[in-house]
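Okay, structure first, notes after.
The values are calculated or read from the model by the stated rules, or taken from the named source; none is laboratory data. Nothing here was measured: the structure is a model prediction, and the numbers come from that model. As a convention, Cβ positions derive from the backbone with ideal geometry for all residues, glycine included, and neighbour counts pool all protein chains shown. Side chains included, ligands, DNA and RNA excluded: accessible areas come from the protein's heavy atoms. Shrake-Rupley method; radii C 1.70, N 1.55, O 1.52, S 1.80 Å.
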Amino acid sequence: MIDPSAELDSSVAVGAYSLIGPHVKIAAGTKVGPHCVIEGHTTIGRDNTFFQFSSIGAANQDKKYAGEPTTLVIGDRNTIREFCTLNVGTVQDRGETTLGNDNWIMAYCHLAHDVVIGNECVLANNATLAGHVQVGDHVTIGGLTGILQRMRIGDHAMIGFQAHVAQDVPPFMTVDGNPLAARAVNVVGLKRRDFSTERIAVIRQIYKLLYRSGHTLDEAKTAIAALKGTDGGAADGDIDNMLTFLAASTRGIVR
């Protein structure tokens with residue numbers, strides 16, 4: 001059932017018993033499986049795949065929500081598996097929930113209001129992101145993980161299975177356990193993304209300064225900044241990434 005006001009490219013495929021509402025826009029090549037509901041002010045890019053029983057663009061679960069025309073924006077080439085729920089934003093924040101490009105969202109995942117997810121992320125089964133969570137690029141979130149509202153996850157981070165995330169997770173780190181703790185650099189992920197040996201070596205130093213040196217956070221930030229220019233400056237962008245992330249953290253980082 002497709003509302004006549006919905007805007008679907010002629011190449012969009014819609015499975016049996018799916019419902020698409022009046023304010024939905026879907027670009028070329030996207031496939032919507034059977035028994036899906038896509039509603040709200042939802043814009044979907046190219047070549048996405050929605051498996052059966054997903055709920056996309058529904059009213060958010062914020063008790064203050066009064067039906068304002070907030071939005072959900074989904075980029076290109078995402079895969080969204082069974083029983084996922086992606087809600088629209090709220091006027092108390094940016095008014096938009098955003099999923100970038102080339103993400104792999106496994107079954108039963110939940111993206112609450114005003115969540116922002118970057119590009120090329122993996123959310124394993126039952127990952128649950130509360131409102132206002134921000135996730136960078138190339139992030140892996142383990143199954144059955146819950147992320148508290150307003151947390152930030154840095155680029156290239158990896159969160160282990162069944163984690164409870166109640167503080168920011170810095171870029172490049174692998175965190176797991178209960179209570180959650182930083183364990184190491186996400187070396188496997190960095191190698192898969194063609195980080196050079198030199199860049200990884202500097203990121204390992206950043207990890208040691210943050211977690212193994214005994215420094216306060218301010219002392220660690222000063223020491224991390226001093227790494228710029230080492231090894232020919234190959235990792236200067238990574239150092240800036242970390243310092244920018246730490247400067248914006250208001251909830252503290254996983255220790």
Point to revise | Helix-only [θ]222 nm of the chain, DSSP H runs n ≥ 4, -39500 (n - 2.57) each, per residue, nearest 500 | key: -5000 deg cm²/dmol
Check your understanding: Hey, of (i) 0.96; (ii) 1.20; (iii) 1.08, which did the structure itself give for Cα Rg over 2.2 N^0.38 Å when calculated?
Key -> (iii)
Review point. What net charge do the residues around His113 carry, taking every other residue with its C-beta under 15 Å from that of His113, with Lys and Arg at +1 and Asp and Glu at -1?
Key: -2
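Grab the Cα-Cα distance for Thr230 and Arg192, subtract it from 0.36 nm times how many residues apart they are, and report the gain in nm with one decimal.
11.4 nm
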Review point. What is the extension gain from Asp102 to His35, computed as 0.36 nm multiplied by their sequence separation minus the C-alpha to C-alpha distance, in nm to one decimal?
Key: 21.8 nm
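Taking only protein heavy atoms into account and a 1.4 Å probe, give the accessible area per residue of the chain in Å².
I get 45 Å² per residue for the chain.
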**Study point:** Of Pro170, Asn125, Ser213, farthest towards positive along the dipole that unit charges on Lys, Arg, Asp, Glu beta carbons give segment 122-213
**Key:** Ser213
Review point. With charges set only on the Cβ (+1 for Lys and Arg, -1 for Asp and Glu), what does the dipole of the chain come to about its Cα centre, in debye to the nearest 20?
Key: 720 debye
Exercise for review: Run the dipole for segment 169-255 about the Cα centre, Lys and Arg Cβ at +1, Asp and Glu Cβ at -1, nothing else charged, and hand back the magnitude in debye, nearest 20.
Suggested key: 300 debye
Review point. Given a Förster distance of 41 angstrom, what is the FRET efficiency for Met1 paired with Asn178, based on the Cβ-Cβ distance and rounded to 0.05?
Key: 0.40
Practice item. Determine the dipole magnitude for segment 35-180: charges of +1 sit on the beta-carbon of Lys and Arg, -1 on that of Asp and Glu, nothing else is charged, the reference point is the Cα centre, and the result goes in debye to the nearest 20. Key: 240 debye
Practice item. Grab the Cα-Cα distance for Thr216 and Leu19, subtract it from 0.36 nm times how many residues apart they are, and report the gain in nm with one decimal. Key: 65.6 nm
**Study point:** Spatially proximal aspartates and glutamates relative to Lys31 (Cα-Cα < 15 Å; intrachain offsets below 8 disregarded)
**Key:** Glu7, Asp9, Asp47, Asp76, Glu82, Asp102
Exercise for review: Enumerate the lysines that Lys25 could reach by cross-link, defined here as Cα to Cα under 29 Å, with residues fewer than 8 away along the same chain left out.
Suggested key: Lys63, Lys64
**Study point:** DSSP loop chymotrypsin sites (Phe, Trp or Tyr not before Pro) with at most 14 other Cβ within 10 Å: longest gap in the chain
**Key:** 18-160
